[in-house]
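Below you'll find the structure, written out as structure tokens, and then a few comments.
The values are calculated or read from the model by the stated rules, or taken from the named source; none is laboratory data. Because the structure is predicted, anything quoted here is derived from the model rather than measured. We place every Cβ from the backbone using ideal geometry, glycine too, and count neighbours over all the protein chains shown. Note: areas computed on protein heavy atoms with side chains; ligands, DNA, RNA excluded. Shrake-Rupley method; radii C 1.70, N 1.55, O 1.52, S 1.80 Å.
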Amino acid sequence: MSFSSELKEEISKITDKDCCGLAELSALIRMSAGMSPKGDSIVITVHTENAAVARRFIQLMKKYETVEFEITVEKEKLRNKNLYLVKAFSRGKKMEEFLSKIGIISVKNGKITLEEGIKFKIFKKRCCKKAYLRGAFLGGGSISDPKRAHHLEFITNNIKIAHDLSKLMEEFNISSKITRRKERYVVYLKNGDNIKDLLGLMGANESLLKFENERVLKDMRNNVNRLVNCETANLNKTIDASFNQIEFIIFLKEKGILSKLSPVLQEIAEMRLKFPELSLKELGQIMDPPLSKSGVSHRLKRLKQIADKFKQFEGGNINV
């Protein structure tokens with residue numbers, strides 16, 4: 001089961017107040033259901049590949065309205081998944097009145113119109129707003145595996161719903177962005193802290209813990225990789241510098257110049273040849289007496305200057 005499916009499974013089992021259940025159901029229908037007339041009534045159709053979402057829809061509808069259900073399970077061969085088609089209907093105007101009550105449709109002079117956005121006047125309480133976000137995720141949300149990326153999104157075919165969802169999360173200091181994907185609108189979060197806050201807001205405590213654990217492990221791995229890369233870069237730099245130093249020291253030795261230099265320069269040259277793997281700081285620490293990094297650097301630079309000068313005037317007399 002994917003992390004997204006696990007999250008939906010978890011939040012579909014949350015028991016809440018009656019007002020919150022209505023808010024969740026309203027969002028679930030608004031995000032994932034289609035509506036069509038059947039005689040003098042309305043049929044609500046939820047099409048989902050998540051069994052938990054189908055069960056939650058049936059559970060909430062039974063709780064708030066006397067309805068009949070027609071359930072069909074189809075097999076999607078390409079992805080080897082079940083698709084659940086749940087139809088809910090009742091007789092007379094009861095479904096029409098219920099959908100109007102939860103802010104899905106409005107009825108004026110016998111004419112039914114679909115509400116464009118979220119009816120915040122109906123769901124004023126803070127707890128109901130949290131439940132609305134939970135229902136919106138059940139109906140049109142998904143989240144990436146936290147091992148790979150931080151990405152949570154809601155998909156809707158209504159631009160007003162997209163903006164209202166973003167506005168609703170903003171009330172809880174959760175920032176989101178909106179983009180268009182073909183004929184749909186996507187409200188998405190990529191910031192790990194925002195996703196963490198939203199999971200807590202929806203009451204998904206187990207998923208929140210798993211998300212945070214993976215985030216900590218991911219940060220730890222990244223930090224270790226950065227340190228290893230840094231150490232590797234420093235080691236390579238030390239080796240390259242040491243190789244160049246050994247090259248001009250051997251040149252001075254072969255030309256018989258090293259033996260004519262001062263004892264301190266001869267000493268640092270011999271130590272570099274003996275310990276090619278050490279950094280300048282480490283080389284200075286094993287000197288007797290110990291020498292600072294800048295002291296080691298200064299003496300090696302002096303050796304290089306002498307070697308460069310000899311190469312430039314090779315064959316003549318130079319003062320070293």
Whole-number accessible area per residue in Å² for the range 218-316, which is evaluated in the context of all protein chains at 1.4 Å: 67 Å²
Given [x] 1.42; [y] 1.13; [z] 0.94 as candidate values of Rg/Rh (Cα atoms, Kirkwood Rh), which corresponds to the one derived from the coordinates? [x]
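Only helical DSSP H runs with n ≥ 4 go in: add -39500 (n - 2.57) per run for the chain, normalise by residue count and round the 222 nm mean residue ellipticity to 500 deg cm²/dmol.
-17500 deg cm²/dmol
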Highest-fluctuation residue, Val296, Val186, Val107 considered, GNM on the chain with Cα pairs under 10 Å: Val296
Förster radius 35 Å - calculated FRET efficiency between Val224 and Asp308, Cβ distance, rounded to 0.05: 0.25
Largest fluctuation, His298, His47, His163 only, Gaussian network model of the chain with Cα springs under 10 angstrom, belongs to His298
Counting only protein heavy atoms, what percent of the accessible surface of the chain is carbon or sulfur at a 1.4 Å probe? 51 percent
All-pairs alpha carbon distance profile, the range 55-123, 10 Å steps from 0, percent: 17, 37, 30, 14, 2
About the Cα centre, charge dipole magnitude for the range 188-320 (Lys/Arg +1, Asp/Glu -1 at Cβ), debye: 500 debye
Roll a 1.4 Å probe over the protein chains and send me the accessible area per residue for the range 139-202 in Å². 49 Å²
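Between Tyr64 and Asn82, what length comes free when the chain is fully extended (0.36 nm per residue of separation minus the Cα-Cα distance, one decimal in nm)?
Contour length minus the Cα-Cα distance gives 3.8 nm.
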Highest-MSF residue in the chain out of Lys182, Lys121, Lys255 [GNM, Cα springs under 10 Å]: Lys255
Residue-level accessible surface for Arg272, protein heavy atoms, 1.4 Å, Å²: 0 Å²
Evaluated at 25 °C with a viscosity of 0.890 mPa s, what Stokes-Einstein diffusion coefficient in µm²/s does the range 218-316 have when Rh comes from the Kirkwood expression over alpha-carbon pairs? 165 µm²/s
About the Cα centre, and with charges only on the beta carbon of Lys, Arg (+1) and Asp, Glu (-1), how big is the dipole of the chain? Nearest 20 debye, please. 760 debye
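Can you give me the relative contact order of the range 1-148 as a percent, contacts being Cα pairs under 8 Å and 6 or more apart? Don't jump to the answer; show the numbers that get you there.
On the way: 211 pairs, mean separation 51.4, N = 148.
Computed over the range 1-148, the figure is 35 percent.
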